[in-house]
Amino acid sequence: MKPGSEDLIPIDHVKTLDGLFLQRIKRSPERVAYRYFERDQGWRALTWREMGDSVARWRQALAGESLETGDRVAMLLRNGPEWIMFDQAAFALGLVTVPLYTDDRADNAAYILDDAAVKVLLIQDAGRWKRLAEAIGDSPWPQRVIILESSPAAHALAACDSRVRVAESWLPDSAPSLTQRNGEPRDLATIVYTSGTTGRPKGVMLSHHNILSNAHAVLTLVDVYGEDLFLSFLPLSHMLERTGGYYLPMMAGSTVAYARSVAQLAEDLKAIRPTIIIAVPRVFERVYGRIADQLQTRPAPVRWLFHLAVAVGWRDFLHEQGRAGRHPSLLLRPLLKRKVGDPVLQKLGGRLRVAVSGGAALPTDVARTFIGLGLPLIQGYGLTETSPVVSFNPLDDNIPESVGVPIRGIQVRIGDNDELLIKGENVMQGYWNNHAATAGVLNHDGWLHTGDQARIQGDHIFITGRIKDILVLSNGEKVPPADLEMAIGLDPLFDQVMVVGEGQSYLGALLVLNADLWPGVAHEHGLDPNLVESLNDAHLHKNIIKRIRLALSDFPGYAKIRRVTLTLEPWSIENGMLTPTLKIKRNRIIEHHAAAIQSMYGCDA
């Protein structure tokens, strides 16, 4: 896609997030703001003017709920225009929004509603409210529940519970047009609860200015145009998607399309043909894994051609970045891209100008493959506490092993224990109702402790580990397990990986096997895939350890896995072993697999 026209809204013109929305309506009322899918009608579109009319109705309905400035309202919704409508309507009244994850455990959501004293909750459907109501029990929060999707069950709940309303009957048919309010940039806009891997989630307090300054700073490093089309599929309850896939496109005047589901993402990519996507590494890892699986079944010449295309594409990338000279093999680049790269990129819609990976580390092999095939893939870094973007790789200064350069207005430095410290306009106000936790990460002079270890080389930041996740072996060797887990996890046989060994003389690994591949592996070893005992077979373990050794061949000598535990039971949000952002809860998994870990280490565990 050729570059389009810039239509950026300066943040000093808007002051607040609802001010940004009003300014966008004035600038481009008839431009398409959002696209979404309706089961009976296919893909539909809403203009900025239509969005403004809808937000006015939501604002009017909220205004009838006896709310005061600063009161908290929450949404437990799938991505879609209604998420934006409720968020903007709340801002227009000076309220504070609290997003909840649709797939989070009910007890977690209930805790957040109570901790934030949420007065109004907008929830997707009757089934979700029934499950959540059980967890809420006799808590007074929320005082009002709005069920978005109309159904007989929703209306039945509304009839028997005075708190409950169905959105279609709660919303007025029309409302006065939105007007600019006199909001302050430093006012609290949202409380976003982190999905902490230990303990209860903490509510990160972000102001209007925190978020506006962050979105604007990102736009100084990457060009986004009015003609750009984002495909949104990460949950809007995650700040990466919220800032990058909602407020930033609004600032740039771009269109956002909402994917139907992760399961239908491949179809939606082809139908929508986005120019920009924001994803977590797991999305790219899964595509990479499928490619690797398919290659194994193809003839040797096809495999050779694919690897040649990646190698030549990577060399061409390095040449364009100014980090390598010309080479005769680059003459093959147009042919290889057309024959190998383009068919892969067509599956991603064929128009991507930028693909952003964030939220966790992107494996270098995955980045190298996609970049070699011609995908403009950049990695970034951020935290909920930083609204969220701290750094990312510009397209013309892209070092995939790094998390890029700090965005404008952000200072970074390396503190004790190689910890990355951050200071800037995007840093949170603190944790809601938790002064001790705030004091633990936020210095009096504004420096935020990230908990991540890093080095800074030139302008680029390289994340090297996580302070709390370092394993210390009995010989004093310090091992960062995340890097090993990422490398092992590239093998499609392993769906989930956790390396253990704290205080032990060697490393072990807990491995959740791919349920689709397990029967074939079992039969290769003469095992019955339906018997749990098959997972403990000594010969199988020996071959699994060989596979792991291959995956870790580029790591130092300490990175040797000597024992494994195999399971087919996935770690999930439902069983409490994953956070809503799909990070593993190490302590919970260790507790669940305590007997197996003890077996790996004998009596010393």
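The values are calculated or read from the model by the stated rules, or taken from the named source; none is laboratory data. Just so we're clear, the structure is a prediction, and the values are computed from it rather than from any experiment. Neighbour counts run over all protein chains shown; Cβ positions are idealised from the backbone, glycine included.
In region 472-490, is there at least one residue being in contact with an Asp or Glu (Cβ under 8 Å, 6 or more places away or on another chain), buried (at least 21 other Cβ atoms within 10 Å of the Cβ) and farther than 18 Å from Leu362 by Cβ? Looking through region 472-490, none of the residues is in contact with an Asp or Glu (Cβ under 8 Å, 6 or more places away or on another chain), buried (at least 21 other Cβ atoms within 10 Å of the Cβ) and farther than 18 Å from Leu362 by Cβ. Residues in region 504-520 that are surrounded by fewer than 18 Cβ atoms within 10 Å (Cβ to Cβ) and more than 32 Å from the chain's Cα centre (by Cα): Ser505, Tyr506, Gly520.
Residues in region 283-306 that are of a type outside the set (A, V, I, L, M) and either in contact with a Pro (Cβ under 6 Å, 6 or more places away or on another chain) or under 30 Å from Gly253 (Cβ atoms) (or both): Phe284, Gly289, Asp293.
Residues of region 210-238 that are among the small types (Gly, Ala, Ser) and outside any helix (DSSP H, G or I): Gly226, Ser232, Ser237.
The residue of region 147-165 that is nearest to the chain's Cα centre (by Cα), among those that are surrounded by fewer than 19 Cβ atoms within 10 Å (Cβ to Cβ) and of a type in the set (A, V, I, L, M, F, W, C), is Ala153. Comparison of Arg290, Arg351, Arg260, Arg303 shows that the only residue that is closer than 27 Å to Trp518 by Cα and within 25 Å of the chain's Cα centre (by Cα) is Arg290.
Look at Asp469 and say whether it is crowded, with 16+ Cβ neighbours inside 10 Å, of a type in the set (D, E, K, R) and farther than 28 Å from Gln321 by Cβ. Considered against the rule, which asks whether it is crowded, with 16+ Cβ neighbours inside 10 Å, of a type in the set (D, E, K, R) and farther than 28 Å from Gln321 by Cβ, Asp469 comes out as yes. Note on region 150-191: residues that are part of a loop (DSSP other than H, G, I, E, B) and either within 24 Å of Ile25 (Cα to Cα) or of a type in the set (Lys, Arg) (or both) amount to 18. Looking at region 239-256, can you tell me whether even one residue there is in a strand (DSSP E or B), closer than 27 Å to Glu267 by Cβ and within 19 Å of the chain's Cα centre (by Cα)? Yes, region 239-256 contains at least one residue that is in a strand (DSSP E or B), closer than 27 Å to Glu267 by Cβ and within 19 Å of the chain's Cα centre (by Cα). Residue pairs whose Cβ atoms lie under 9 Å apart, separated by 6 or more positions or on different chains, with the first residue in region 170-181 and of a type in the set (D, E, K, R) and the second in a helix (DSSP H, G or I), are Asp173/Arg57; Arg181/Asp18; Arg181/Gly19; Arg181/Phe91; Arg181/Ala92. Among the conditions (1) modelled with pLDDT of 90 or more; (2) under 23 Å from Ile399 (Cβ atoms), Pro480 misses just one, which is (1). I'd like the full set of residues that are under 18 Å from the mean Cα position of the chain (by Cα), among the polar types (S, T, N, Q) and either at pLDDT below 95 or outside the structural domain of Gly70 (by TED's automatic domain parsing) (or both), limited to region 166-214. Thr194, Ser195, Thr197 - these are the residues of region 166-214 that are under 18 Å from the mean Cα position of the chain (by Cα), among the polar types (S, T, N, Q) and either at pLDDT below 95 or outside the structural domain of Gly70 (by TED's automatic domain parsing) (or both). Report whether or not Glu267 is under 15 Å from Thr384 (Cβ atoms), part of a helix (DSSP H, G or I) and of a type in the set (Asp, Glu). It is false that Glu267 is under 15 Å from Thr384 (Cβ atoms), part of a helix (DSSP H, G or I) and of a type in the set (Asp, Glu).
Close contacts from region 440-465, counting a first residue that is touching a residue at least 12 places away in the same chain (Cβ under 8 Å) and outside the structural domain of Met486 (by TED's automatic domain parsing) and a second that is assigned to a helix (DSSP H, G or I) and of a type in the set (Phe, Trp, Tyr), with Cβ to Cβ under 6 Å and a gap of 6+ residues or different chains, come to none at all. For region 524-540, give me the residue count where each residue is surrounded by fewer than 16 Cβ atoms within 10 Å (Cβ to Cβ) and part of a helix (DSSP H, G or I). So the answer is 6.
For region 261-277, give me each residue that is farther than 20 Å from Gly374 by Cα and either aliphatic (A, V, I, L, M) or surrounded by fewer than 20 Cβ atoms within 10 Å (Cβ to Cβ) (or both).
Answer for region 261-277, where residues must be farther than 20 Å from Gly374 by Cα and either aliphatic (A, V, I, L, M) or surrounded by fewer than 20 Cβ atoms within 10 Å (Cβ to Cβ) (or both): Ser261, Val262, Ala263, Gln264, Leu265, Glu267, Ala271.
Taking region 406-438 as the range and being of a type in the set (A, V, I, L, M) and at pLDDT below 95 as the test, the residues that pass are Ala436, Ala437.
Scanning region 54-75 for residues that are more than 23 Å from Ala110 (Cβ to Cβ), in contact (Cβ under 8 Å) with a residue 40 or more places away in the chain and not small (Gly, Ala, Ser) yields Val55, Arg57, Trp58, Arg59, Gln60. Which ones in region 235-282 are of a type in the set (Asp, Glu) and under 23 Å from Thr579 (Cβ atoms)? Hit for region 235-282 is Glu241, nothing else.
Within region 106-143, take every residue that is of a type in the set (D, E, K, R) and touching a helix residue (DSSP H, G or I) at 6+ places or on another chain (Cβ under 9 Å) and give me the one that is nearest to Ala89 (Cα to Cα). Only one residue tops the list, namely Asp125. Tallying residues that are out of contact with any Leu (no Cβ under 6 Å at 6 or more places or on another chain) and part of a loop (DSSP other than H, G, I, E, B) within region 553-564 yields 7. Within region 505-535, the set of residues being β-branched (Val, Ile, Thr) and touching a Pro at 6+ places or on another chain (Cβ under 6 Å) comprises Val512 only. Number of residues in region 394-417 that are of a type in the set (S, T, N, Q) and assigned to a helix (DSSP H, G or I) equals 1.
What about Ile589, is it part of a helix (DSSP H, G or I), surrounded by 19 or more Cβ atoms within 10 Å (Cβ to Cβ) and not assigned by TED's automatic domain parsing to the domain that holds Gln296? Taking the combined requirement at face value, the residue satisfies it.
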